[in-house]
Each structure stands twice: as structure tokens, then as C-alpha cells.
Amino acid sequence: MQQVPSDADRSHVTETAGDDGVPLIVSVPPGIARAGVVVLHEVWGLSAPVAALVGRLADCGYITAAPHLYHRIGNPVVTNGRFTQARRYHDTLTVEGLTFDIESALAWIRDQGAQKIAAIGFSMGGTLALWAAATLHIDAAVTFYGGGLVAPRWAGVLSGIDAARALKVPWLGIYAGKDASTPARDLKQIRGILTDGTSPSALIVYPEVRHGFALDPDLPRHAADETRDAFERVTRFLETHLR
């Protein structure tokens, strides 16, 4: 997967899917695509870096859709760093709404012809990707630094540790060593669960980086080398489990 975002404006459009009209940012590669990816956004909302990733994944041959998880309150996008504001939006989410929105994105991708679909999420979306790998009808999942490992972030959504115990599909967890929201002891517990389980899953920790290191190249915490390595792992993971 290319490290520099492609010109996403040329390839993605806004669609709606589901009975209640879930807005999606989507991108469909040229030719026949047999697999798809749902992208789950950070607490900031469906931001420009998320939309750019949708285009990049389509460039790699995947039918891709990112649902606006905040669409019930007007699809807000919060400036990165304004966590108090973002937290208010985060707290409006429910397990029923999240399930409906993610399944609407999955249904849209399937309607385009995908036979296998993965979920990939960042921070808040990473938490949801792990939960989806344990509970929803997907074929693989990737989590970038998703919190909520011990205590659930929403009622009805499994904690990360409980989701790891219930994994149904291959999962790749990518975490930052200097991230207070995912303590080393909790990551060690998940790694032990994966070691004892039967799912072909893995957990990677980059020891010298902080939370949010991978998605937005314009942020001071962005770590180029670790991001490049992480996306190379994601590329291999998707090729292995979706192709």
C-alpha cells in the first residue's frame, strides 16, 4: 500500500446505504474486485485522512466504504485535538446504531460484488474493528491503536480483551508503545489470548511511537517509518485473508 495518499477526490463519492440512509464515503476500483474493506473512523469523525485512505485502498483493488458513524447528529468532523467536543459525539453512539451502520457499509460493498470483506479502524474505529471481528459477519479485521481494552466504551460493545477471546476471524492489532490508552499489561494479556487461541491473529507494538501515529501525516506524532512498516503488514494481511 502506498505511503503517500493518492488523489482521493478523483475516486471517492458520497453514497447512502441502508433503510435509514447511512452516508458512506466509497471508492470502487476499475475492473473486477473480489474483496472489500470497511474503514472505521477515529473519534474526530470521517475526516480527510480517512477519506484519503478509502481512495488508497481502492487503488490497491478493494471496494471500499467508510460509514459516517455520527450521521445521526449531522456528520460532524472535529478538529483533531478537540477531544472534549469529540467525546460528546462519541458518547451518542449506541451498539444498535453502530451495528446498523457497519452492516449497511458491508451490504453496500457486497452489492458491488465483493466476496470477502475486512474492517480496518483507527483509534475509536480500531476498537470497533476488533469488536466487529468478534461479532459481525466479516472475514478479517485490522485495528490501529484502539482503546477500551479492559472496560467497554459503549454498553453492549465488548471490551478489547473480551473481543480477543471471542475472535471469529483473523485480526491484526497495531499499537503504539507510548500510548496511555493501551497499557502494556493489557496488550500482553491480549497477546496471550491470541497465543492460546486458534485464530490466525497477531498483535504488533511499535515501542517508540504515540497514539495516532499512522493515519494523518500532517500531525506531529506521525511516525513515517513505523507507518510504512505497519501498512506493509496490513497489505500482506489483506492479501492473505481476502484474496
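The values are calculated or read from the model by the stated rules, or taken from the named source; none is laboratory data. On a predicted model such as this, the values are computed, not experimentally measured, just so you know. Neighbour counts run over all protein chains shown; Cβ positions are idealised from the backbone, glycine included.
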Return yes when LYS188 is within 18 Å of the chain's Cα centre (by Cα) and either of a type in the set (D, E, K, R) or modelled with pLDDT under 95 (or both) and no when it is not. no
Check ALA176, ALA134, ALA164 and return the single one that is surrounded by 15 or more Cβ atoms within 10 Å (Cβ to Cβ) and either assigned to a strand (DSSP E or B) or in contact (Cβ under 8 Å) with a residue 40 or more places away in the chain (or both). ALA176
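Has region 15-30 got at least one residue that is among the polar types (S, T, N, Q), surrounded by 13 or more Cβ atoms within 10 Å (Cβ to Cβ) and modelled with pLDDT of 90 or more?
Yes: region 15-30 contains one or more residues that are among the polar types (S, T, N, Q), surrounded by 13 or more Cβ atoms within 10 Å (Cβ to Cβ) and modelled with pLDDT of 90 or more.
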Take region 87-120 and flag every residue that is surrounded by fewer than 20 Cβ atoms within 10 Å (Cβ to Cβ) and among the charged types (D, E, K, R). ARG87, ARG88, ASP91, GLU96, GLU103, ARG110, ASP111, LYS116
Take ARG228 and decide whether it is farther than 26 Å from ALA166 by Cβ and assigned to a helix (DSSP H, G or I). yes
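Listed here are the residues, each with its yes/no results for (1) part of a helix (DSSP H, G or I); (2) farther than 23 Å from ARG243 by Cα; (3) at pLDDT 95 or above.
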| residue | (1), (2), (3) |
| --- | --- |
| VAL43 | no, yes, yes |
| LEU46 | no, yes, no |
| ALA65 | no, no, yes |
| ARG72 | yes, yes, no |
| VAL77 | no, yes, no |
| ASN80 | no, yes, no |
| THR84 | yes, yes, no |
| THR92 | no, yes, yes |
Within region 206-227, how many residues turn out to be of a type in the set (A, V, I, L, M, F, W, C) and either over 27 Å from THR79 (Cα atoms) or over 18 Å from the mean Cα position of the chain (by Cα) (or both)? 4
